[in-house]
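J.: Quick one: the structure is below, questions incoming.
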Amino acid sequence: MADKLIIFDTTLRDGEQSPGASMTREEKLRIAKQLEKLRVDVIEAGFAASSTGDFEAVRAIADAIRDSTVCSLARANDRDISRAAEALKGAKSMRIHTFMATSALHMEKKLRMTPEQVHEQIRLAVRFARRFTDDVEFSPEDASRSDPDFLCRVLEAAIAEGATTINIPDTVGYAVPEMFGHQIRTLRERIPNSGKAIWSVHCHNDLGMAVANSLAAVKIGGARQVECTVNGLGERAGNTSLEEVVMAVKTRRDYYDLEVGVDTTQIVPASKLVSSITGFPVQPNKAVVGANAFAHASGIHQDGVLKQRDTYEIMRAEDVGWTANKIVLGKLSGRNAFKQRLHELGIELESEQEVNAAFQRFKDLADRKSEIFDEDIHALVSDQAVHHEADEHYQLVSMAQASETGERPHARVTFSVDGSEQTSHSEGNGPVDATFKAIEAKVGSGAELMLYSVNAITTGTESQGEVTVRLAKSGRIVNGVGADPDIVVASAKAYLNALNKLHSRADRVNPQAGV
Ligand code: KIV
Ligand code: ZN
């Protein structure tokens with residue numbers, strides 16, 4: 001029988017560490033439920049010790065998820081590990097993932113510790129984590145640049161203390177495939193107790209080789225767990241992309257000879273959900289989940305594909321969840337049908353009041369748009385969560401804009417600032433520019449606009465536009481998102497959402513920033 005390749009998803013932890021990708025508890029819970037539907041083996045739900053918000057998110061996910069193991073990251077110290085264990089208490093199956101840097105550079109410059117101190121702290125941390133669970137993962141951060149002899153000593157000690165998974169991170173994306181594969185193989189061969197642990201890899205994509213490195217570690221090195229994220233989201237250039245690894249192993253089963261438990265038909269819905277919640281659009285030519293990845297899904301019917309599909313297609317679009325957008329609800333759908341659809345989509349709103357508010361938004365949308373798809377419902381719920389939080393400082397009240405050939409576009413925006421309404425006007429190069437300038441004229445945030453993007457949520461010109469606005473100020477980067485059939489309105493919502501994030505949310509602790 002073929003070995004199993006364990007899929008460890010870290011979208012909610014490493015993915016969330018990418019600048020601007022921070023998510024609320026409710027958003028994380030929705031993604032976790034989708035990951036469970038996708039049947040990933042392990043969900044790294046966050047870094048519980050980072051903040052109360054992160055702790056609560058890990059706890060909510062641990063309480064809700066039944067079919068995947070739920071994991072929290074913890075630095076190699078008692079406080080982090082206790083917080084992780086506490087947050088994971090309600091999980092049906094829990095894992096503590098503790099880590100510490102082992103490269104000379106990180107030990108000296110970041111940790112300011114000697115190798116002996118690091119070795120000892122790792123032993124104590126793994127031993128301490130084992131008090132709470134039998135499922136303990138240890139990662140030597142920056143492993144691909146660590147001294148191999150030291151790495152062997154540390155990993156042997158971690159396994160002896162009870163680590164059941166050893167994860168080798170290529171933290172800075174420095175590895176190259178064959179070398180990395182051999183590095184894993186050498187570690188497994190040299191460490192006397194290596195057979196007592198499952199070997200895992202965690203690769204970053206700085207040189208565009210995260211997926212190749214992970215697969216080489218599997219093929220050459222015998223790794224049996226891959227850490228990855230939906231859409232390859234993650235710090236800097238991102239992590240190993242879940243969809244690419246899974247489809248490579250499934251499509252080339254002849255070569256890898258491994259079982260993967262993932263339900264691949266849930267890949268595209270997961271990709272769309274992560275993209276709409278984080279505001280990180282998926283490039284059209286992205287493998288598996290990009291809009292152009294399949295000729296027939298993108299409407300390009302090449303002659304060859306028409307004659308025989310496998311002339312150009314090695315995977316079937318429907319096997320990864322590309323289905324024609326299904327009309328799920330319409331103007332005449334009632335509250336029960338709407339509630340049922342929310343349930344089927346794994347969306348659980350916290351109160352009847354929230355269901356009522358969402359239903360009202362659905363009705364408003366159905367008045368403007370005759371066909372409502374699943375993607376619209378996801379966007380509507382995200383929009384409600386994002387734009388109706390009690391602590392929202394800026395809220396859009398109304399707006400108008402005019403553009404005419406030969407005239408400079410003009411916008412009027414009325415929005416509330418901490419409950420009091422303000423109206424502002426501006427001209428601009430285009431209606432979106434005029435809208436942002438009108439908002440800025442009153443707010444004066446001075447933030448730098450780093451990205452503006454619009455995506456159609458579904459097909460056709462009736463589609464809602466989903467806008468991402470990325471703002472940077474004083475070293476903080478935030479993403480704002482907004483959805484509406486009118487893309488200028490969606491843009492205003494996204495801009496105000498980004499301003500709200502700059503205004504209210506303190507930056508979270510990055511687990512890899514210090515000791
Ligand atoms: O990239 C990395 O080294 C990590 C570890 C915490 C596993 O994310
Ligand atoms: Zn990482």
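The values are calculated or read from the model by the stated rules, or taken from the named source; none is laboratory data. Note that this is a predicted model, so its numbers are computed, not measured. As a convention, Cβ positions derive from the backbone with ideal geometry for all residues, glycine included, and neighbour counts pool all protein chains shown. Each accessible area value is taken on the protein alone, full model and side chains, heavy atoms only, with ligands, DNA and RNA left out. Shrake-Rupley method; radii C 1.70, N 1.55, O 1.52, S 1.80 Å.
J.: Identify all residues within the stretch 490-500 that are buried (at least 21 other Cβ atoms within 10 Å of the Cβ) and of a type outside the set (Ser, Thr, Tyr); write none if there are none.
T.: Listed by number, the residues that qualify are 490, 492, 493, 494, 496, 497, 498, 499.
J.: Ok, one more. For the condition out of contact with any strand residue (DSSP E or B) (no Cβ under 7 Å at 6 or more places or on another chain), more than 23 Å from residue 272 (Cα to Cα) and away from ligand 1 (no atom under 16 Å from the Cβ), what is the one hit in 103, 82?
T.: 82 is the lone residue from the list that is out of contact with any strand residue (DSSP E or B) (no Cβ under 7 Å at 6 or more places or on another chain), more than 23 Å from residue 272 (Cα to Cα) and away from ligand 1 (no atom under 16 Å from the Cβ).
J.: Please indicate, with yes or no, whether at least one residue in the stretch 150-167 is surrounded by fewer than 21 Cβ atoms within 10 Å (Cβ to Cβ), within 14 Å of ligand 1 (Cβ to nearest atom) and in contact (Cβ under 8 Å) with a residue 12 or more places away in the chain.
T.: no
J.: Let me ask another. If residue 475 satisfies all but one of (1) within 25 Å of residue 19 (Cβ to Cβ); (2) small (Gly, Ala, Ser); (3) modelled with pLDDT of 90 or more, what's the number of the condition it fails?
T.: (3)
J.: Within the stretch 173-203, how many residues turn out to be in contact with a strand residue (DSSP E or B) (Cβ under 6 Å, 6 or more places away or on another chain), among the small types (Gly, Ala, Ser) and at negative phi?
T.: Residues flagged as in contact with a strand residue (DSSP E or B) (Cβ under 6 Å, 6 or more places away or on another chain), among the small types (Gly, Ala, Ser) and at negative phi within the stretch 173-203 amount to 2.
J.: Filter the stretch 11-61 down to the residues that are buried (at least 20 other Cβ atoms within 10 Å of the Cβ), within 16 Å of ligand 1 (Cβ to nearest atom), under 22 Å from residue 500 (Cα atoms) and of a type outside the set (S, T, N, Q) and list them by number.
T.: Answer for the stretch 11-61, where residues must be buried (at least 20 other Cβ atoms within 10 Å of the Cβ), within 16 Å of ligand 1 (Cβ to nearest atom), under 22 Å from residue 500 (Cα atoms) and of a type outside the set (S, T, N, Q): 12, 15, 16, 21, 54.
J.: Would you please name the residue that is farthest from residue 82 (Cα to Cα), looking only at residues in the stretch 168-184 that are more than 15 Å from ligand 2 (Cβ to nearest atom) and open to solvent by 10 Å² or more (accessible area, probe 1.4 Å)?
T.: Looking at the filtered set, the residue picked out is 178.
J.: If you don't mind, another one. Exactly one of (1) hydroxyl-bearing (Ser, Thr, Tyr); (2) over 28 Å from residue 278 (Cβ atoms); (3) in contact with an Asp or Glu (Cβ under 7 Å, 6 or more places away or on another chain) is unmet by residue 200. Its number?
T.: All conditions are met except number (2).
J.: How many of the residues making up the stretch 307-337 are more than 28 Å from the chain's Cα centre (by Cα), part of a helix (DSSP H, G or I) and not charged (D, E, K, R)?
T.: Count: 3.
J.: For the stretch 114-137, does any single residue satisfy the condition of being open to solvent by less than 10 Å² (accessible area, probe 1.4 Å), outside any helix (DSSP H, G or I) and closer than 25 Å to residue 42 by Cα?
T.: Checking the stretch 114-137: at least one residue is open to solvent by less than 10 Å² (accessible area, probe 1.4 Å), outside any helix (DSSP H, G or I) and closer than 25 Å to residue 42 by Cα.
J.: A follow-up question, please. From the residues in the stretch 226-265 that are within 13 Å of ligand 1 (Cβ to nearest atom) and either in a helix (DSSP H, G or I) or surrounded by 24 or more Cβ atoms within 10 Å (Cβ to Cβ) (or both), which one is farthest from the chain's Cα centre (by Cα)?
T.: 226
J.: Scan the stretch 206-225 for residues that are open to solvent by less than 10 Å² (accessible area, probe 1.4 Å), within 13 Å of ligand 1 (Cβ to nearest atom) and not in a strand (DSSP E or B) and jot them down.
T.: Selection gives 210, 213, 214.
J.: Regarding the stretch 99-107, can at least one residue be identified that is modelled with pLDDT of 95 or more and assigned to a loop (DSSP other than H, G, I, E, B)?
T.: yes
Residues are listed down the side, and each one gets a yes or a no for (1) assigned to a strand (DSSP E or B); (2) within 19 Å of residue 370 (Cα to Cα):
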| site | (1), (2) |
| --- | --- |
| 452 | yes, no |
| 468 | yes, no |
| 479 | yes, no |
| 483 | yes, yes |
| 491 | no, no |
| 494 | no, no |
| 497 | no, no |
| 503 | no, no |
| 509 | no, no |
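J.: Taking the stated definitions as given, is residue 97 within 17 Å of residue 11 (Cα to Cα), open to solvent by less than 50 Å² (accessible area, probe 1.4 Å) and of a type outside the set (A, V, I, L, M)?
T.: yes
J.: Kindly list the number of the only condition in (1) under 18 Å from residue 246 (Cα atoms); (2) within 14 Å of ligand 1 (Cβ to nearest atom) that fails for residue 173.
T.: The number of the failed condition is (1).
J.: Give the residue, chosen from 440, 427, 421, that is without any contact (Cβ under 8 Å) to a residue 24 or more places away in the chain, more than 30 Å from residue 323 (Cα to Cα) and open to solvent by 60 Å² or more (accessible area, probe 1.4 Å).
T.: That would be 427, the only listed residue that is without any contact (Cβ under 8 Å) to a residue 24 or more places away in the chain, more than 30 Å from residue 323 (Cα to Cα) and open to solvent by 60 Å² or more (accessible area, probe 1.4 Å).
J.: Of all the residues that make up the stretch 338-355, how many are touching a residue at least 12 places away in the same chain (Cβ under 8 Å) and either over 15 Å from residue 385 (Cβ atoms) or part of a helix (DSSP H, G or I) (or both)?
T.: Residues meeting the conditions: 6.
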